[in-house]
Amino acid sequence: MRNIIITCIVLLIAIAALAAKYFGELASNDNNFGKVLSYVPGDAAFVLNFRNDESFYEIFKDYELFDAIIGEQRASEIDRLKTALLQQNSLSEFVADKDILLSFHPGADSVEFLYGLLIDKSLSSKKLEEALAEIPGTSLKAEGQDIYKVEGPDLQKPFYLFSRGGIVMGSFSNSLLKRCLDRNETHLTREFIAEVNKNNSKNENSPVSLFVNHQAVIPFLQYFLRQPSSNNLSLLKNLSGTSSLSMNFKSDALMFNGISITDTIKPSYLNIFLNQQSAPNQIKKILPENTASFIAFGLSDFNRFNSDLKRYLQKKGDLKKLTEQFNLVQTNTGIDLDRDIKPLFDKEFVLVENSYGEQFAIIKARNGRDLNFKLQLISRPLDEFISQVNHRNIFYFYFGDPMYRFPKPYFAVADNYLIIANTPGIIRNYLSGYQNNRFFANTEKFKQHDQLVANRSNIFYFADNKNSKNLIRTKFKNNVSKAFRNEDFGLSEFKGISYQWTADGDHFFTNLYLSYNSSDSLALNP
């Protein structure tokens, strides 16, 4: 018996030692990964992670979609970096099979890339200098402590490196690299780094992982706009958190899916949908054929949504004023909005921007005729089909932020759909297309894109490239709008982009999908 007890104690000690060693190594790897991210400036909206091995480069050897997004110039920079440095014998033993982080930052004239690598700590700055010096034709110049300017015929332009303690950061932008090392610079938050660390190991089966820094997305996009925009994406403005996505392979589409974690402490409109179940996307079928972008919302429980929305409005400081206003409506008209109008709203609504930049909203009704009758009691008619509500913010009170831009709108009802806009002409144009069955869902380009889009979600953003051309030309800075017309980029070959969020407990399941006009429609085989 004594021998058995001693044997058990020895086994427990051995298991504990092995576990400590194993989890210690995992923690060390996570910490190193986090250390690389801690150098990245906070304006990084997107971070890609991939492994520097031959299989990765073989998969993407003829993959045109990345080149189309980042442009021929940036794509060639990545290719030159691979051949001029990463695959050289003197360096390959240190960087082969290592994770590479690629973060996206707004630059002076385009997107700038920052590279981060996890390498063996044995590669000291001195050894790195020696390894670089062995590459034929490469010159090395110290730019500061542990910072080097690397030049060579295969690079075509200087590449700047920083190395310390097993971490290497690099960029073709000297200013971006300097921002990495500036202690006064805002860097990625601890929360974002923690989420990336936690989810990176889950994406090991995918050669490419994409991490989206929610709070940096809108500033990133607005950097390239002529002036701040109030389009559909502005709903993400106050959203914090992280999306951790894995790549799926198809030659005529760029597809990522995964989960999105949001900060539920800060008030955010999109967080309201966490308490909903997935809902069918039907309202997209009646959008006009000149739709440039839309963001559609689906609910499983309208009453729960409305109660959650009230709490959100209270946090924003809007609820008290709205409630007082609606009590006044009942006093003056006898119409109780909660009793007479709210029950007639259904579970889908959508915010639409057409190719002219005109914005309007559509709300699905349970009974369009009854809803129109009740709304007429608190409105003034403009003509046989269109009226204007007499009271402000009714739709904002029941549907939240997407309706804030329509404080006292014009409206019309077509079957079981309520259309609202700030000018009657927008509604007339929509009704004309509706009566003649001119819907975006009937176009071949949307049908092809929609085949790979989930039929159910809670939040569904879509933008069509062709219908957005005029908006891109007028809203974006010259260098960006030119990129959409430049054959070296291939951005014009993208048909559309969709971004879907579906509530799943305390997070969202997320799909990101970009369809592309590719000459090869076969799926890539990883």
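The values are calculated or read from the model by the stated rules, or taken from the named source; none is laboratory data. Predicted, not measured: the structure shown is a model, and the values here were computed from it. For neighbour counting, all protein chains shown are included, and Cβ atoms are generated from backbone atoms with ideal geometry for every residue, glycine included. We work out accessible area using only protein heavy atoms, side chains counted, and drop any ligands, DNA or RNA first. Shrake-Rupley method; radii C 1.70, N 1.55, O 1.52, S 1.80 Å.
The lysines whose alpha-carbon is closer than 17 Å to the alpha-carbon of K35, local same-chain residues fewer than 8 away aside, are K98, K121, K178, K198.
Less than 5 angstrom separates the built amide H of F46 from those of F104, N213, all sequence-distant by 5 or more or on a different chain. Counting protein heavy atoms only, the stretch 138-216 has 42 percent of its accessible area on carbon and sulfur, 1.4 angstrom probe.
Counting lysine pairs in the stretch 305-371 whose alpha carbons fall under 14 angstrom apart, excluding pairs fewer than 8 residues apart on the same chain, gives 5.
Taken over the stretch 288-362, the percentage of Cα pairs per 10 Å bin, counting from 0 up to the bin with the maximum distance, is 16, 32, 36, 16, 1.
Overall, the stretch 355-457 carries a charge dipole of about 180 debye about its Cα centre when +1 sits on the Cβ of Lys and Arg and -1 on the Cβ of Asp and Glu, all other atoms neutral. Here the contact order of the stretch 308-381, divided by its residue count and restricted to Cα pairs under 8 Å and six or more residues apart, works out to 24 percent.
The separation of the stretch 147-176 from the stretch 321-382, counted between C-alpha centres, amounts to 58 Å. Heavy-atom accessible area with a 1.4 Å probe sorts S175, S379, largest first, into S175, S379. Rg/Rh, computed from the Cα trace of the stretch 329-432 with Rh as the Kirkwood radius, has the value 0.93.
Protection proxy ranking of 367-377, 505-515, 393-403, 181-191, by the mean of other Cβ atoms within 10 Å over each peptide's residues and highest first, is 393-403, 505-515, 367-377, 181-191. The Cα-based radius of gyration of the stretch 73-211, divided by its Kirkwood radius, gives an Rg/Rh of 0.95. On the protein heavy atoms, probe 1.4 angstrom, tell me the percent of accessible surface of the stretch 407-469 carried by carbon and sulfur. With neighbouring chains kept in place, the figure for the stretch 407-469 is 42 percent.
When only alpha carbons are used to place a centre, the stretch 233-312 and the stretch 86-107 end up 34 Å from one another. Counting only protein heavy atoms and a 1.4 Å probe, the stretch 122-216 has 51 square angstrom of accessible area per residue. Normalised by 2.2 N^0.38 Å, where N counts its residues, the alpha-carbon radius of gyration of the stretch 413-486 equals 1.40.
Among 344-356, 259-271, the peptide with the highest mean count of other Cβ atoms within 10 Å heads the list, and the full ranking is 344-356, 259-271.
The dipole here belongs to the stretch 222-326: it is taken about the Cα centre, uses +1 on the Cβ of Lys and Arg and -1 on the Cβ of Asp and Glu, and is about 280 debye.
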